[in-house]
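Heads up: the structure comes next, in structure tokens.
Since every read-out is calculated from the coordinates, none of them should be taken as a lab result. Note that this is a predicted model, so its numbers are computed, not measured. Cβ placement follows ideal geometry from the backbone for every residue including glycine, while neighbour counts extend to all protein chains displayed.
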Amino acid sequence: MNVVCSDIRVSSATASVIGLNNEKPLVAPTTAYLMTPERCSGGCSFCSQSQKDDRLSRVVWPLYHIKDVILALEKNKDKFINICVQTTRSKDYYSKVKEISKNLIKTCGDSCNINISIDLFYQEINIRELIDLGVNRISLAIDCVSEKHFNENKNGDLNKKTDFIIKMGNMFPDRISTHIIVGLKESDKEIIDKFLLFINNKVRCGLFAFTPLPGKKRGLSLQRYRIIQACVYLIKKDLLSIDEIIFNEDDTITGLKKERKSLLSYLRDGEFFRTSGCKGCNRPFYNEKVTELWYNFPRKPKEEEIEAALNIIRSLFT
């Protein structure tokens, strides 16, 4: 086994599934989550990996020897749909993730999708190299979709990054992912516009709720998030178009033009508020504590949970 870094971070829930700790997660992850060990120089305002913390969102990432992790994953690969390597931007980060990918493809690629989340904007050659190696999916995170507030949260240019993601989506159909974080001062219309742009260009797009860093209050209402989730879900199912969504002067969703009762029936299974993103990824409790309100459900919701979610958004359908 060739490795260019001796250690790797593993989410605590993943570590429990593969026998590296004795914790018992409330919901087991369907994806094994790994992260390169170094701090990130990306400077995203919402990410604790830029803030000298051992968490990305609310997840704890203990450090393990990489050989132990790969051996444990190989023994337990039938328990996962995906293995996702989340890459911090640091010295030689691309060469490190390339070697990690090679080892994972060799040991687990027959059972699991090997997915990489990495900042490879404007690096088409490296993206092609990873895909040619056998990486199933590459995630290029856009995160913030507010043109006005993008540089408060991320480095670079929103439109140029969007254009690059679209270019890669068309070049590598269904091999590129991105995600939108709701709660970074964007409008509802900006979210819907960008979501449509991505999926219409063969990019899988996930939706996540902003997780404040410690000491800061969450400003995102659950009602707003559920309404956006419902609209995005119906759009993905070709049951709703942006022209059938009513926005007010602030570009906030206030209603639907389409026959509403029939649309509501498509939401009664609760799938619309389950974790979205890469296929087979449930991301348990990335964005909330177990004891808090769940923005994304990592498991099939119960009947009373579905009813509560529908009650929150019912005004949209009356």
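Our estimate of slack between Glu99 and Ser315, defined as 0.36 nm per intervening residue step minus the Cα-Cα distance, is 72.7 nm. Each residue of region 177-184 was assigned a 3J(HN,Hα) from its phi angle through the Karplus curve 6.51 cos²θ - 1.76 cosθ + 1.60 (θ = phi - 60°); the sequence is 10, 8, 8, 10, 9, 8, x, 10 Hz, with glycine and proline shown as x. Three principal axis extents describe the C-alpha atoms of region 163-318; from largest down they are 43, 41, 31 Å. In the calculated pair distance distribution of region 230-318, what percentage of Cα-Cα distances lie above 21 Å? So the pairs more than 21 Å apart make up 36 percent of the total in region 230-318. Extension gain for Ser111 to Asn170 (0.36 nm times residue separation, less C-alpha to C-alpha distance): 18.6 nm. Using 1/(1 + (r/R0)^6) with R0 = 35 angstrom and r between the beta carbons of Leu133 and Ser6, what's the FRET efficiency to the nearest 0.05? The calculated FRET efficiency here is 0.95.
Short to long, the 20 Å bins of the Cα pair-distance histogram for the chain hold 32, 59, 9 percent of all pairs.
Kirkwood-type hydrodynamic radius, region 98-144: 11.1 Å, calculated from all non-identical alpha-carbon pairs. Mean-square fluctuation check for the chain, GNM, Cα pairs under 10 Å: which of Ile180, Ile114, Ile235 is largest? With Cα springs under 10 Å in the chain, the top fluctuation among Ile180, Ile114, Ile235 is at Ile235. Note on Glu23 and Glu304: their simple-model spin labels are 2.7 nm apart, each label 7 Å out from Cα toward Cβ. Were the residues from Asn151 through Asn248 laid out at 0.36 nm apart, the gain over their Cα-Cα distance would be 32.4 nm.
For Lys185 and Lys289, the FRET efficiency from 1/(1 + (r/R0)^6), where r spans their Cβ atoms and R0 equals 25 Å, is about 0.60. Between Val60 and Ser262, the FRET efficiency from the beta-carbon distance, with R0 = 41 Å, is close to 0.40.
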